Amino acid sequence: MPKDNRTFITVSVDMDRNPKYAALNDAQKFLIIRAWMHCREFLTDGRVSMPAWRKMGTDRNRKAVLAAGACFEDAEQNCVIFHDYLEHQQSRAEVEASKEKARSAGRKGGLKKAENARQQPARKPTERLAPASETASGNVPELEIEEEITTYVPTASYVSNARETEPPLDEPRTRVDVDGWKLVKTVAAALPQATKTALAHEAAAMLKQGIAADDIRAGLDLWMTKSLGPRQLPHLVADVIRANTPKPANAPHQPLTHHDRKTLGWDDAAEAAKRTLGLVPTTTTPTRLPSRHDRPLLEILSSDPTENIA
């Protein structure tokens, strides 16, 4: 039968015939038992507080139990005391002592078990020894030891060597310069925060290089019209700077070299050769028609650069 771990009280089998309770009916006798259960559950040593006592049974039954002498009221402690409770039930001190004894026994048993486990030598579960009777008779089987041999060789996890074309915009970077923020906020205020942060980093770096803020702002305007990453902003700013740089007027003409004639297209090479021969009309020199002494155009293009063009 499984052990019942509930808490119990002691009740005599002849309680209903006890002369002390002869004047009480069954409900009033059970009221006494109910009060004892309350005292055992809360370890009050026979005391029931007045609020708890008023919730037990009816007022008529409580007065009958008091009149029978099973308990009495204590106005100072504001409770009802069942004076013979400790004659048959465990006191609070006895209950706590029993619990401490059980805990101490459990600790001792655990320590003893651990000590025995340390003293016994470890034995592999795959080892099988012969019984003592077989050893004495000489019929001893061989000791079998099973050992698993694995041939598994771990392999390194795959690591991709692909290059990242554009790093994530939200990767941690240094603190953004205030001037870079100002340029980005005036042009790209509606962009996501991560994109604006990356653009501000690029703008701040160009400001530190001495690039004018107007050129950077123009590059930002150009960036807004294209589908490019934030790190392409410096290239767009470079395009803006090149477009704004004026070309020198009346630059002195230099004769074309052999390499220049080779790398230029046929139309550009022919036009350059005509200018060198003086065949292109200018405001200062009259047009000169080619003579029989002039060299052909194809010969000029393939000639040695050290020769003079005549």
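The values are calculated or read from the model by the stated rules, or taken from the named source; none is laboratory data. Source: prediction; values computed, not measured. Here Cβ is always computed from backbone atoms with ideal geometry, including for glycine, and neighbour counts include all displayed protein chains.
At a glance:
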item	result
Matching residues, segment 225-242, being in a helix (DSSP H, G or I) and of a type outside the set (Gly, Ala, Ser)	PRO230, ARG231, GLN232, LEU233, PRO234, HIS235, LEU236, VAL237, ASP239, VAL240, ILE241, ARG242
Some residue of segment 24-36 being among the acidic types (Asp, Glu), part of a helix (DSSP H, G or I) and free of Cβ contacts under 8 Å to residues at least 60 places away in the same chain	yes
Among residues of segment 218-276, those that are modelled with pLDDT of 80 or more and among the hydroxyl-bearing types (Ser, Thr, Tyr), counted	3
Selection from segment 35-72 of residues that are among the small types (Gly, Ala, Ser), more than 21 Å from THR10 (Cα to Cα) and over 60 Å from the mean Cα position of the chain (by Cα)	ALA64, ALA67
The lone exception for PRO192 - which of (1) in contact with a helix residue (DSSP H, G or I) (Cβ under 7 Å, 6 or more places away or on another chain); (2) farther than 19 Å from ARG242 by Cα; (3) surrounded by fewer than 17 Cβ atoms within 10 Å (Cβ to Cβ) it fails	(1)
Residue count for segment 40-55, restricted to those that are of a type in the set (A, V, I, L, M) and buried (at least 18 other Cβ atoms within 10 Å of the Cβ)	1
